[in-house]
1. Show the residues, 5+ positions off or on another chain, whose built amide H is closer than 5 Å to the amide H of LEU117.
2. Could you check how much of the accessible area of region 66-168 is carbon and sulfur, as a whole percent, using a 1.4 Å probe?
3. Compute the label zone of ALA82 within region 93-132: residues whose backbone N is under 16 Å from the point 7 Å along Cα-to-Cβ.
4. Pull up all non-local amide H partners of LEU4: gap of 5 or more, or a different chain, and H-to-H distance under 5 Å with H placed in the peptide plane.
5. Averaged per residue, what accessible surface does region 49-197 expose to a 1.4 Å probe, in Å²?
6. Spin-label point model (7 Å from Cα, Cβ direction): what's the LEU99 to VAL55 distance in nm?
7. Find the Rg to Rh ratio for region 40-197, where Rh is the Kirkwood radius over alpha-carbon pairs and Rg uses the same atoms.
8. Show the residues, 5+ positions off or on another chain, whose built amide H is closer than 5 Å to the amide H of GLN79.
Amino acid sequence: MYGLGKGWDAGVNLVGLKFADKGPDARFELQTNAIDQYRQLKPALLATGQKQWRVDGHWAVNVGAQAGINVSDRLSYKQLLAFGYGLVVYTHHHNRISLGPYVGNRNYLGLGNEVGLLLGAEVPLVPRLHLMTDWIVGTNDESVATLGVMFMVTPHVQFCAGGFAGSFGSENKGGIVVEVNVLTWPDWPAGRQRSPH
């Protein structure tokens, strides 16, 4: 993701990579899935865009989308994946809460709901260490709840780590998430809303 100024962010994401070891002496190989009308298509190459409008010192509105195609060695297997969202964001003393709807197609979300709710929060624990949580509410393949911490290594480098579990009613499994963000703007202590993907 790259900040374009005036509240615009854009980028390209390769998501859903899965590797499988085919034996003790084998190398890891990239797995791709063929067309399956009941599951999300992975991996996928997606273009991402987001626009933020500041309402005042505390309130903002974010609208964003991802769209692209699944990675496959067959042209006939390539399909469109699409996801969009809108968020109302409230920030006060570095506490941040976001809430809004999302919509996506079956190729992006898999089984379950295609319209749902995004929830997120960020709370400072001590200087440079924040508790972060988000929840993609629903029963589709993206529906998970995440809880973790974000540490500001420098004003331009964030380290995030946490765990996630499947949303209620989904069949999603739990796991861990580790993320490193290198920012082109100082995110601490001023703060700036990030994209949820």
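1. Excluding prolines and chain starts, which carry no amide H, the hits are TYR102, VAL137.
2. Working: 3630 of 4970 Å².
So the carbon and sulfur contribution to the accessible surface is 73 percent.
3. Correct set: 102-110, 114-116.
4. Sorted by chain and number, the residues that satisfy this are ASP9, ALA10.
5. Values: 7910 Å² over 149 residues.
Accessible surface, normalised per residue, equals 53 Å².
6. 1.1
7. Details: Rg = 16.4 Å, Rh = 16.7 Å.
Rg divided by Rh gives 0.98.
8. Placed amide hydrogens put ASN70 under 5 Å from GLN79.
The values are calculated or read from the model by the stated rules, or taken from the named source; none is laboratory data. For clarity, every value in this text was computed on a predicted model and none was experimentally measured. Reconstructed Cβ throughout: ideal geometry from the backbone, glycine too, with neighbour counts over all protein chains shown. Heavy atoms of the whole protein, side chains included, go into the accessibility calculation; ligands, DNA and RNA do not. Shrake-Rupley method; radii C 1.70, N 1.55, O 1.52, S 1.80 Å.
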